[in-house]
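K.L.:
To start, I am sharing the structure in question, which I have written as structure tokens.
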């Protein structure tokens, strides 16, 4: 039979064990709640910046000016994008950020606001850019607006992504991803913030007055059209086949040789060839490059070379999308684009 002292000691011991268990349970709950707060916040951020990335893609489509729209119509569409971008600022302001992410969240808001400012500045500048006969002035004016997007990307990367990752590491939180590839001027588009890069956008913007009935703008009635004839991976000289997987040897000299034909009855100027490379696993990290063919006569074929991806993931399934941007008045466009499944290997 246990003595009273022994029973008291056992009771005290049991109480201490219960206290320790309760403390661990409380701490576990607090830890779980902390992780959930980070996970929920980053999920909301991902939704916002993904939407912003889609606005960037929409802007690039507008700048390509496929239909030869004039400045007033383009202004309306860019201002609509600015309205959407402003709504994303409001969503970021309404986020409930963990205490350690208060400052990064303010930087996120600032980055998104720069995108609004850039879109508004771009809309305001479009008439002078499109109407200008001075290419240097038009390029500098356009680049000035695009620089807001580049500033936004820098703020996002340096003042949101970096500090957020450090905060997660300091808290010992794993399994929560900081969206760090959602840039407004991603990849080669960053060059559009310079006069040289912006100059490549001018021909498409100034290609206004296109009709939709298949006639030329000068009233001659000639059918207008271009076509994508083929794509080759250099320096190997591998012909790519649409819809067919092709392995390409990795090289720092990798380029895409794109052959285009003026399949219409009228001379064409400022024909834009665009190539977009993206891996299946990271479609948001697509890299887009463009090159302009100054002029093409009816029936003429020309080839241009565009740089390959800067940092592909070797051995990963990817897609190269190549497009000849339709000229004003071009009705048949199903032969203007193709997708090539590729895999870059050592």
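Each reported figure results from applying straightforward, stated rules to the coordinates on display, with no laboratory input. Bear in mind the structure is a predicted one, so any value in this text is a computation, not a measurement. Backbone-built Cβ (ideal geometry, glycine too); neighbour counts: all protein chains shown.
K.L.:
Given the options 157, 113, 297, which has the most mean-square fluctuation in a GNM of the chain, springs set between C-alpha atoms less than 10 angstrom apart?
P.N.:
Of the options given, 297 has the highest mean-square fluctuation.
K.L.:
Subtracting the Cα-Cα distance from 0.36 nm times the residue separation, let me have the gained length for residue 319 to residue 95 in nm, one decimal.
P.N.:
77.1 nm
K.L.:
Right, next: Who wins for biggest fluctuation among 198, 281, 82 in a Gaussian network model of the chain, springs between alpha carbons below 10 Å?
P.N.:
Residue with maximal mean-square fluctuation among 198, 281, 82: 281.
K.L.:
Right, here's the next one. With a ≥ b ≥ c the root eigenvalues of the C-alpha gyration tensor of segment 77-140, is it rounded (a/c under 1.5), prolate (a/b larger than b/c) or oblate?
P.N.:
Verdict is oblate for segment 77-140.
K.L.:
For a test of the definition: using alpha carbon positions, the gyration tensor, and the 1.5 limit on a/c, classify segment 226-345 as rounded, prolate or oblate.
P.N.:
Verdict is prolate for segment 226-345.
K.L.:
Hey, in the GNM for the chain with a 10 angstrom Cα cutoff, which one of 262, 270, 335 fluctuates hardest?
P.N.:
Result for the chain, Cα springs under 10 Å: 335 fluctuates most.
K.L.:
Could you please rank 339, 255, placing first whichever residue has the fewest other Cβ atoms within 10 Å of its Cβ?
P.N.:
339, 255
K.L.:
Once both axes come from the Cα atoms, what is the angle between helix 102-131 and the longest principal axis of the chain, in degrees from 0 to 90, rounded to 10?
P.N.:
In the chain, helix 102-131 runs at an angle near 10 degrees to the longest axis.
K.L.:
Here's another thing I want to ask about it. Angle, helix 71-93 long axis vs. longest principal axis of the chain, Cα atoms, 0 to 90°, nearest 10?
P.N.:
So the helix axis and the longest Cα principal axis differ by about 0 degrees.
K.L.:
Continuing with the same structure: Which ordering of 47, 141, 244, 110 is given by a fewest-first count of other beta-carbon atoms within 10 Å?
P.N.:
244, 47, 110, 141
K.L.:
How high is the FRET efficiency between residue 346 and residue 8 when r is their beta carbon distance and R₀ equals 45 Å, given to the nearest 0.05?
P.N.:
So the FRET efficiency works out to roughly 0.05.
K.L.:
Enumerate the whole-percent occupancy of each 20 Å bin, from 0 to the last occupied one, for all C-alpha pair distances of the chain.
P.N.:
Once binned at 20 Å, the Cα pair distances of the chain give 26, 46, 18, 6, 3, 0.
K.L.:
Something else now. What distance in nm separates the two pseudo spin-label positions at residue 247 and residue 134, each 7 Å out from Cα along the beta-carbon direction?
P.N.:
5.6
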